[in-house]
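The values are calculated or read from the model by the stated rules, or taken from the named source; none is laboratory data. This one's a predicted model, so the numbers in the text were calculated from it and none came from an experiment. Because the Cβ atoms are built from the backbone with ideal geometry, glycine has one as well, and the counts that use them run over all protein chains shown.
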Amino acid sequence: MRLNLINCILIGLFLLSGCREKILNKAPDYEGDKLVIYSELNPDSLISLSLSKSYPVVGNYNFDKDIKNAAITLLEDNLPIGQMYYQSAGLYKSTFYPKIGHTYYFRVKVPGFPDAYSLPVQVPQPAKDIGVSIGDTVLSEFGDKAREITVHWRDNDESNNTFLVILKGLFKNKNLSTNTFSIGGSNTTETACSYYRDTNLYIYKDFCLSDKRGTAHFGAELYGFLQEPVPGDAFRKDVDGFRVSFYTISDSYEKYLATANVADELLQAFQPPLPRYSNIVGGYGIVIAYTGSQYVLAVK
Amino acid sequence: MKPRHILEHRFIKLLFILLFIVLSNITLAQSLQRIHIKGFIKDEYSGESLSGVSIYDSVSNEGGVSNNTGYFSLFIKPNTIVAFSHIGYRQITILVKKDTSLQITLTPVLQDIKEVNILGSSSINRYRPGGMLSFSTENLKHLPVFLGERDIIKTMALMPGITQGNEGTVGLFVRGGGADQNLFLVDNTPVYNTAHLFGFMSVFNSDAIKGVDFYKGFFPARFGGKLSSVVDITMKEGNNQSPSTEIGIGLINSRLLLEGPLRLTKKLRGSYLVAARGAYPGIFTLPGVLAYKLNKANSFFTYWMYDVLAKISINLTQNDKLLLSTYRSSDYWLTRQKDTPEIRYSYGLNWGNQTVSLRYHRLVFTNLFLSTNVYYSHYTYQQAINNAEKVNNSFITKDFYTIRPGLKETGLKGIIDYIYNKAVTVRSGVESIFHSYRPTYLETSIRTPSALLEQMQKTFHTPENNLFAEIDWSPIKYLDLQAGYRLTSFSRYTLSDPRLSVSIPFRQNSSLKIGYSKSSQFIHLLSQNAVGLPNDIWVPSTNSIPPQRAAQYALSINHKIGNSIELSVEGYFKKFTRQIDYQSTTSILNAVGQSWENLIVQGGIGQAYGLEFFINKPKGKLTGWLAYTLAYNKRKFDGINSGNWYFANYDRRHTINLVSSYSFSRRLHAGANWQFYTGSPITIPVAIIQPVFGSRPQFVYGNRNNFRLSSYHRLDLSISWEKEIHKRRLRKSMWSIGVYNAYNRANPYYIDTSLIYKRDGSDPYGYFGKVIGIKSYLSQVSVVPILPYLSYEIKLN
């Protein structure tokens, strides 16, 4: 069903003329190195933060600068609760678990970089009565065999919740990149109620739920490709299970997903830019929060 | 009411009071020593009425212009030699001694290479407001063109203050305005989509165009609804002397024009005209279609387009005329692909305009003229994606997704022209329009909540009512005033647009012109691309999205050297308010269930200012012009660029257009155009950040439009050879050969950003593994190389 209009036009133009591509020697002035902050807040994990730097848009370089000398303060509900410590490869850890309903942010200082801090992010209330089940064999749009997976849940009483479903194929407990598709829902388009990102990621808004209950049906193909291949082993594997993650996600996580540009590169060329949502001031990156669980379904 | 509005109303009131006080004294006194001449002006060969003809006292240069039915009415001194002058026609002079009714016929100057006018500019005509241009398509045929197709829109883009979007496309950007801010009128009926062939060709058939008046500065009050320009296109009425046929054959497009006299009864006579064009690039892809049908190919695409204009003009009496015209244009694209022998998908795209117009003109008294127009205009666009499965040897649709946005408009317009005396002409009228907007009409097999589907299929109906009045007044020899006022009611909005143009002729051939125009736009174009794609979605102003507004101030100095060189310098300053823009890349076409009002950023402001220099040589063997524009165009939105000013899309600092045509003989002509403009600003990422979530590095975007494409320049050349097949019957043929982009300049179409990942080697095949670095570069993509063309036209009378 996906078709790129621009491609069609350019094919037509090719018939009449032909495209020419020339590498440019100029680029916008680089604004200087800035700090890049990533953190996921999940009540099941100690709070951690990944710190790196930005790079010029044109060039040839390696991501080899490890920032070890950062002073990072963690704040809970606007009160400092501790310093983060360097662990390895840009990763900083704390001794705190985030609590549901509380807000967190970071202040980061590194010599030679502008100071950066994140905006407060609240850890959302989890959904209730979550159920995940595997159903019959169905065919994907490409004619491949797939299994139907159903997820149902009940919204908590908080308003404006957003739910995220991530589907992954498994082979001996290793992640596979597996094609998935929504059954009866949207696979290529956005709606006010739901949208789709990155082949295995589905987002739902609570205000579209009927009686606060949500149900989503998916198809997941029965083969996939190893995401961490083992030398000498084949990429393609038959799925022996699926990992289904169901989360209630923070507003920042939803905005981060929503601003992923899913258009291909050619189409992007004709669009106004879509700045990826960031809640970092003075730098780049994102701090997100979620609550939920992962479920493993065996394929027999 | 805000203080600014109070001042505005007081200004208008004061202006009109002043006008009438002075009118009743000065101009009445002047008219006492005058005689009255009136009549119609026509083309000698076709009998077409001629509008915009300058009629003036050849000594004092005082006079006026004919209206759009060719009628004129003037008060002049007795025993005056009156000159009748029009672009593309030989000037004539007549000695008038007393009150006279005249039937003037002007002869086209195609036979006389010494007097070929290409363009009528406001610079020499004191009665035209500043920034107004008139075009005659007949004399543009010796200029180089794209794919052999003359295009009035592309010719306009060669004027100062006007730029185009992407290469070859027909979107016009006038003095900082957007492509949606131009009012295109065809026989007084608005047309919303101007693009054929994905924007490479306009929908206006040059063969059928009689003339075009283009306003980019001062807009007369009878025009409204758009902010930046008015393109008033008058189509031919048809030859009422003898039947005529014109045929043009090109490589991928052809055209036909039929016209002739119409005799309904002995007394009831008129003329007809049918003009049609078609383009058929799909003929080259026909083998692919056949291969697909025979299961020897997995995919095909095809494309066709056409437009047809039909017009009947009937002279009910000497003073009454009825004109009925209809126009239809359509473009059609289809791609079909088989994923497997049992599953196929198709993608269809078609768009088009349809208009119907019934006009009635009546000369009520010698100094009172009535024009009425009832019209209907419909623009529609459809995009359909369809999945089908083979069941019992036939394909059954399984999934579909179709959107059909559109716009319909039914209008009634009445104008009265009253020529009070030699110095004063008053024009006033009303216009009522009923708009129907369908921003998105969705039909899909995708399970969508019924409430949302209902919202997506909603049509908005909005009435619009306008009152307008204009006055042309020459109180003294060295002053001409045109003042106007337009009052519009649209939905809950009532807006007033005052207009004023002052022309001060000095010395023999010079004039100073000052213009002020305020304008309002009640509909907005939501289009995300810049390549002329037809995914135009027009949406109305609503309770939460107020109408766009603009105010423009312009000042020009015009001078004519001798009989053949015109010079003008014009400065302008334009302020935009209540502008809108998309806030994300979410396309309204795909935003199922979302209100389009949530997809835009509003409350933007803008500024555009610049200086335009123009040298025109309209007569002689060598004709043409040089236009240079220095321009600045900025926008500011709270939600974009951190609320700071940024250069707007298509802000081009320098624009140069050099247009020339040389006639070696009556038969042989050569043309050359050279265009240069500063590259337009685009947005390029400012940094790259290494991956943490996911596996790919990401671009970081900073300020809007932070980078400029390289400059655009291009040379086009042409040679045309005309031959008289039958001299007595005026049968002619013309061969044209030319080349577009003669020195094969790789002009920028878009910028591509490329990333090559360096991985850590954990994957021996190189596809996976951790990204440890990148190599990135920007590349410029160009799509139109050197393009030769050949075309043949034949005119049969």
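Points worth noting:
- Tally of residues being at pLDDT below 70 and in a loop (DSSP other than H, G, I, E, B) across region B:121-143: 8
- Leading residue by the ranking (modelled with the highest pLDDT) among those in region A:128-154 that are more than 15 Å from A:S293 (Cα to Cα) and either in a loop (DSSP other than H, G, I, E, B) or aromatic (F, W, Y) (or both): A:D144
- For region B:244-280, filtered to residues that are in contact with a strand residue (DSSP E or B) (Cβ under 7 Å, 6 or more places away or on another chain) and β-branched (V, I, T), the residue that is surrounded by the most Cβ atoms within 10 Å (Cβ to Cβ) is B:I252.
- The condition (being part of a loop (DSSP other than H, G, I, E, B), within 14 Å of chain A (Cβ to nearest Cβ) and modelled with pLDDT under 85) is satisfied by just one residue among B:G694, B:G679: B:G694.
- Leading residue by the ranking (modelled with the lowest pLDDT) among those in region B:775-791 that are more than 7 Å from chain A (Cβ to nearest Cβ) and buried (at least 17 other Cβ atoms within 10 Å of the Cβ): B:S791
- Breaking point among (1) buried (at least 20 other Cβ atoms within 10 Å of the Cβ); (2) more than 22 Å from the chain's Cα centre (by Cα), for B:D331: (2)
- Within region A:53-67, residues that are more than 7 Å from chain B (Cβ to nearest Cβ) reach partners that are at pLDDT 85 or above and surrounded by fewer than 20 Cβ atoms within 10 Å (Cβ to Cβ) with beta carbons closer than 6 Å, at six or more positions or on different chains, in the pairs A:K53/A:D33; A:I67/A:V110.
- Residues being farther than 30 Å from B:L368 by Cβ and either among the aromatic types (F, W, Y) or part of a strand (DSSP E or B) (or both) - total across region B:292-324: 13
- Residues satisfying the stated conditions in region B:657-679, i.e. in contact with a Ser or Thr (Cβ under 9 Å, 6 or more places away or on another chain), surrounded by 17 or more Cβ atoms within 10 Å (Cβ to Cβ) and without any contact (Cβ under 8 Å) to a residue 40 or more places away in the chain: B:S660, B:T678
- Members of region B:223-274 that are hydrophobic (A, V, I, L, M, F, W, C), farther than 30 Å from B:W538 by Cα and touching a helix residue (DSSP H, G or I) at 6+ places or on another chain (Cβ under 9 Å): B:I252, B:L256, B:L257, B:L273
- Taken over region B:192-219, residues that are part of a loop (DSSP other than H, G, I, E, B) and more than 24 Å from B:R255 (Cα to Cα) amount to 4.
- Residues that are within 7 Å of chain A (Cβ to nearest Cβ) and either within 20 Å of B:P691 (Cα to Cα) or at pLDDT 80 or above (or both), drawn from region B:752-773: B:K758, B:D763, B:F768, B:I772, B:G773
- Residue check for A:L5: more than 20 Å from B:K775 (Cβ to Cβ), surrounded by 14 or more Cβ atoms within 10 Å (Cβ to Cβ) and modelled with pLDDT under 80: yes
- Any hit, region B:175-191, residues being part of a loop (DSSP other than H, G, I, E, B), buried (at least 22 other Cβ atoms within 10 Å of the Cβ) and among the aromatic types (F, W, Y): no
- In this entry, B:S496 is excluded by the filter for residues that are in contact with a Phe, Trp or Tyr (Cβ under 9 Å, 6 or more places away or on another chain) and crowded, with 20+ Cβ neighbours inside 10 Å.
- In region B:420-492, counting only strands (runs of 3 or more DSSP E) that sit wholly within it, the ones holding 3 or more residues that are modelled with pLDDT of 85 or more and more than 14 Å from chain A (Cβ to nearest Cβ) span B:424-438, B:460-476, B:479-490.
- Residue list for region A:25-71, restricted to those being among the basic types (K, R), in contact with a Lys or Arg (Cβ under 9 Å, 6 or more places away or on another chain) and either surrounded by fewer than 21 Cβ atoms within 10 Å (Cβ to Cβ) or assigned to a loop (DSSP other than H, G, I, E, B) (or both): A:K34, A:K65
- Flag if B:L512 is within 14 Å of chain A (Cβ to nearest Cβ), out of contact with any Ser or Thr (no Cβ under 7 Å at 6 or more places or on another chain) and not charged (D, E, K, R): no
- Scope region B:71-104; condition surrounded by fewer than 21 Cβ atoms within 10 Å (Cβ to Cβ) and assigned to a loop (DSSP other than H, G, I, E, B); matching residues: B:K77, B:P78, B:N79, B:R90, B:Q91, B:K97, B:K98, B:D99
- Within the option set B:A423, B:A388, being over 29 Å from B:L294 (Cβ atoms) and small (G, A, S) holds for one residue only, B:A423.
- When A:T137 is tested against (1) among the hydroxyl-bearing types (S, T, Y); (2) surrounded by fewer than 15 Cβ atoms within 10 Å (Cβ to Cβ); (3) within 14 Å of chain B (Cβ to nearest Cβ), just one condition goes unmet, and that condition is (3).
- Qualifying residue in region A:195-210 (condition: touching a Ser or Thr at 6+ places or on another chain (Cβ under 7 Å), surrounded by 17 or more Cβ atoms within 10 Å (Cβ to Cβ) and at pLDDT below 70): yes
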